Amino acid sequence: MPIEVTVELDLDNGIINSTATNLLYMRDNSTVSSVSDASHVDGPIEKIGNDAFIFPVGNNAIYRPLEMSNPSSGSARFRAQYFNV
């Protein structure tokens, strides 16, 4: 089941496993906090909106953030996933 975050995703403790079918969506103006090797998204995550954003992606116990600058459109969509190869 897809998850849509509208305000804040607090990754206090645990890894969220997502898939292309069960995607995690971050809406415009939403934020992420408390990210670490023990707390991130393992799988794809999609950011919607025109804000700069740090994708809280990783693989297993490895957190590897991916940062983007702010797009010009409020309807812009970017998807990120980390692959440990």
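The values are calculated or read from the model by the stated rules, or taken from the named source; none is laboratory data. No experiment lies behind these values; they were computed from the predicted model shown. Quick reminder, even Gly has a Cβ in these numbers, built from the backbone with ideal geometry, and neighbours come from all protein chains shown. Ligands, DNA and RNA are excluded from the accessible area calculation, which covers all protein heavy atoms including side chains. Shrake-Rupley method; radii C 1.70, N 1.55, O 1.52, S 1.80 Å.
Counting protein heavy atoms only, the chain has 48 percent of its accessible area on carbon and sulfur, 1.4 angstrom probe. Full extension of the segment from Asn70 to Ala38, taken as 0.36 nm per residue of separation minus the current Cα-Cα distance, would add 8.8 nm. Count charges around Ser33 for me, please; just the other residues with Cβ under 9 Å from its Cβ, Lys/Arg as +1, Asp/Glu as -1. Summing Lys/Arg as +1 and Asp/Glu as -1 gives -3.
Would you mind checking which residues have amide H under 5 Å from Val57's amide H? H placed 1.01 Å from N; only 5 or more apart, or other chain. Correct list: Val41, Arg64, Leu66. Surface analysis of the chain yields an accessible area of 58 Å² per residue, using protein heavy atoms and a 1.4 Å probe.
Each principal axis of the Cα cloud of the stretch 1-60 was taken in turn, and the coordinate range along them, longest first, works out to 29, 25, 15 Å. Highest mobility in the GNM of the chain, judged by mean-square fluctuation with C-alpha springs under 10 Å and restricted to Gly43, Gly14, Gly58, is found for Gly14. Note down the net charge around Ile16, summing +1 for each Lys or Arg and -1 for each Asp or Glu among other residues with Cβ under 12 Å from its Cβ. Result for the local shell: -3.
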